[in-house]
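Okay, structure first, notes after.
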């Protein structure tokens, strides 16, 4: 049975610049049992209702601006999974949620950048599921629980976001380990809640966690965590696979749920 993952994908420059998080992702694919397909919930695709990408050949979307030209030359030409997309829509509907399919949606950088590091051969079919930023953690936990059956079918569910995500506070010259207390305290609270299985506290993180709004002025980059947690099932066993900091305030922590 496949685990589910929450991966912090950081800046698009992750793919070009050496960092602890890049090294972790570059080795992660070899540590996992090879899935038959990968389903990515990316913070960079938001829709009003859960929507599944169903393109047979999803394009690589360069959904960022002002970065070095070599970044725009990178592609991830993996196959899509239209049949699996149809099944996802059925599972979402069976859970009492409305699900749509998008036959044209490609892979945004929340999906293709970590996948290019994990499986550079791009030989595993990939599809995406959108987030609904206005609906909060509880909705995304329910959405994840609708997808639990995928694990038994050797489909790897990845939530791709960021453990902290305040772009206004980025520190371009920061060194590894230099982060303000408001980042450290929030990340420590989240990690303790995840590892202890305090799901109710996690659902109320915005009220309970220290400096929650400072670390997530908007929620879309943390919501994939709740999908991964839900898809792992009620008895999920968490493992923190990686922890580091980029640009002073972006915690790149990643988790596995079995």
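Bear in mind these aren't lab numbers, they're just calculated from the coordinates by the rules spelled out. Just so it is clear, the structure is predicted and the values come from calculations on it, not from any experiment.
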**OP:** Considering Cα pairs under 8 angstrom that are at least six residues apart, work out the relative contact order of region 4-257 and quote it in whole percent.
**Re:** 31 percent
Original post:
Counting pairs of Cα atoms in region 56-170, how many percent are more than 19 Å apart?
Top reply: 53 percent
**OP:** Under a 10 Å cutoff between Cα atoms, tell me which one of 145, 22, 198 has the largest fluctuation in the Gaussian network model of the chain.
**Re:** 198
Original post:
For region 27-50 and region 97-165, what is the separation of their Cα centres, given in Å?
Top reply: 4 Å
Original post:
Using the Cα gyration tensor of region 161-215, with a ≥ b ≥ c the square roots of its eigenvalues, what is the shape: rounded (a/c below 1.5), prolate (a/b larger than b/c) or oblate (neither)?
Top reply: prolate
**OP:** List the relative contact order of region 1-110 as a percent without decimals, with contacts defined as Cα pairs under 8 Å and 6+ residues apart.
**Re:** 36 percent
Original post:
Is region 1-108 best put as rounded, prolate or oblate by its Cα gyration tensor, with a ≥ b ≥ c the root eigenvalues, rounded for a/c under 1.5, and otherwise prolate when a/b is larger than b/c, oblate when not?
Top reply: prolate
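With a ≥ b ≥ c the root eigenvalues of the C-alpha gyration tensor of region 40-98, is it rounded (a/c under 1.5), prolate (a/b larger than b/c) or oblate? Can you show the working numbers first?
Working: a/c = 4.51, a/b = 1.89, b/c = 2.39.
Oblate.
Given the alpha-carbon gyration tensor of region 4-257, what are the semi-axes of its equivalent ellipsoid in whole angstrom, ordered largest first, with each equal to the square root of 5 times an eigenvalue?
So the three semi-axes of region 4-257 are 26, 22, 16 Å.
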Original post:
So for region 4-257: antiparallel DSSP bridges make up what percent, rounded to the nearest 5?
Top reply: 35 percent
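What are the semi-axes of the equivalent ellipsoid for region 155-258, taken as the square roots of 5 times the Cα gyration tensor eigenvalues, largest first, in whole Å?
Sorted largest first and rounded, they come to 23, 15, 12 Å.
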Original post:
In Å, the Kirkwood hydrodynamic radius of region 127-200 over pairs of distinct alpha carbons?
Top reply: 15.4 Å
**OP:** Please report the relative contact order for region 72-199, taking Cα pairs under 8 Å with a sequence separation of at least 6, and give it as a percent rounded to a whole number.
**Re:** 26 percent
